[in-house]
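Any read-out appearing in this document is the output of simple, stated calculations on the displayed coordinates, not a laboratory observation. Since this is a predicted model, take the numbers as computed values, not measurements. Note: ideal-geometry Cβ built from the backbone for every residue, glycine included; neighbour counts use all protein chains shown.
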Amino acid sequence: MAKGRIAFGLVVVAVLVYAVGSQLVGPSAPSRGKGRPAPVSIAKIETRAITLSRTYSGTLEAPDSIVLASKVEGRVEEVAVDLADVVTPGAVLVRIDDDAQRQLLSQATAELAVAKANHAEAKRAVTIASRDLERVEKLRARGVSSESQLDAVRANHISKTAQVEVTAAQIERAAAALQSARIRLNDTRLSATWEGDSKRVVAERFVDEGALVTPNQPLLSIVQLDPIEAVVFVSEKDYGRLSPDQRATLTADAFDGERFEARVARIAPVFRPQSRQARVELVVDNADGRLKPGMFIRATITLAREEATTVVPNEALTTRDGEAGVFLVNDDDTVSWRPVRTGIADASRVQILEGPTSGRVVTLGHQLLDDGSAVTIPDAAPSESSGAAAAR
């Protein structure tokens, strides 16, 4: 009996605790889509332009770079330019001591003169040999000279004729050596040449006056700054939307907040195996030369733009059973679930390709809703209320 009374007392206490707790906590929250109207925020479906843009990190590069190297061995007599100096095409930039090259030129000139003299002597010898051959042939025809004498004269004529050919080849060789000596002498004066008349600047200087240089040793690096190139790498997802001449804007850490106009110039036809990204080169006007190769930049490229299309805020999109859609607000303060097919999106809106084209959509409170749920709009203006609540 005592145990029964104790058990009954515990049940009574539990019921009282539950009742008091219910009074304090209040009624439980209704399940999604049922019970009292769910508070939501809404926005209108709009028809307007939308632009798809992507921002990529990259680096500025010189579109053209020339490394001026020595072609001969010698001592540097003069370096006419220094770091950041402007260079015009054809200007002499470096002079190398040319004493040795002038000596080689004099030697090659003398060797050519000797070859020409030898050639003239060989031609005279052929003339004499031809006369001897003609005389001996006549004597042989009269039976005065022997056959052996005729053979000896013929052999001498052939030898002298061959000597003419040899000396002619020596002239060509000496002339080539002279031309090579002239070129090597000219190579002691180094100038930069390129197509067009654009100015360029000295990016690096590798030698000073008085230094001994060897063939192929770099002396100066000269780069083009206007226009300049911005290089970025894009993923496969965006690659198909890229095309030459697309517009872009650039920002650089060196010029906080300033934007520079650019356009897509070249798109690589291959992807890098390691990163699965493709190289994209943009051309940037740089008449004032402020942008420099090696600067870190961010390039924002306009990949697509749609005019007068249906858009909704990004927050309006939600999913139900793995399908994307929106909750459309009805005139009776209920919502209807509408699946949609989306297009391009920007930072705040998304394009609707298939779905509702007008009306209002829920942007906050989706988790409380199902198709047909009642809603209330706490921040709605009186004109936005449907009046359905008064009818109820």
Q) Considering only GLN170, ILE158, VAL144, whose Cα is most displaced toward the positive end of the charge dipole of region 141-183, charges sitting on Cβ of Lys, Arg (+1) and Asp, Glu (-1)? A) GLN170
Q: Treating only the Cβ atoms of Lys and Arg (+1) and Asp and Glu (-1) as charged, compute the dipole magnitude of region 198-311 about its Cα centre; round to the nearest 20 debye.
A: 380
Q | Charge-dipole axis of the chain as Lys and Arg at +1 and Asp and Glu at -1 on Cβ define it, positive-most pick from ALA108, ALA129, SER358 | A | ALA129
Q) For region 258-264, what does the Karplus curve 6.51 cos²θ - 1.76 cosθ + 1.60, with θ = phi - 60°, yield as ³J(HN,Hα) per residue in whole Hz, taken in order and with x for Gly and Pro? A) 7, 10, 10, 6, 8, 9, 6
**Q.** For ASN286, residues with placed amide H under 5 Å, excluding near neighbours
**A.** ILE228
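Sort LYS292, LYS138 so the one with the fewest other Cβ atoms within 10 Å of its own Cβ comes first.
In increasing order of surrounding Cβ atoms, one gets LYS138, LYS292.
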Q. Given a cut-off of under 8 Å on Cα pairs at least six residues apart, what relative contact order in percent is computed for region 122-219?
A. 25
Q | Amide H contacts of ARG360 (H built 1.01 Å from N, under 5 Å, at least 5 apart or other chain) | A | ILE45, VAL329
Q: For the chain, find the longest principal axis of its Cα atoms and tell me its angle to the long axis of helix 99-141, 0 to 90°, nearest 10.
A: 50
Q) Considering the values [x] 2.18; [y] 1.15; [z] 1.00, which represents Cα Rg over 2.2 N^0.38 Å as calculated for the structure under consideration? A) [x]
Q: State the Cα centre-to-centre distance between region 229-296 and region 131-179 in whole Å.
A: 75
Q | Cα-based Rg / Dmax (Å) for region 99-186 | A | 19.6, 66
Q.
Apply the Karplus curve 6.51 cos²θ - 1.76 cosθ + 1.60, θ = phi - 60°, to the phi angles in region 218-224 and return the couplings in whole Hz, x for Gly and Pro.
A. x, 10, 9, 10, 10, 10, 8
Q. In the Gaussian network model of the chain, springs joining C-alpha atoms below 10 Å, which of ILE183, ILE128, ILE344 carries the largest mean-square fluctuation?
A. ILE128
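Placing +1 at every Lys and Arg Cβ and -1 at every Asp and Glu Cβ, with all other atoms neutral, what dipole size does the chain have around its Cα centre, in debye to the nearest 20?
1120
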Q: Mind counting lysine pairs for me in the chain? Cα separation below 27 Å, and the two need to be 8 or more apart along the chain or on different chains.
A: 7
Q: Read phi for every residue in region 283-289 and hand back ³J(HN,Hα) as whole Hz from Karplus 6.51 cos²θ - 1.76 cosθ + 1.60, θ = phi - 60°, with x for Gly and Pro.
A: 9, 10, 5, 9, 4, 7, x
**Q.** Under-5 Å amide H pairs with ARG305, H placed in peptide plane, nonlocal only
**A.** LEU52
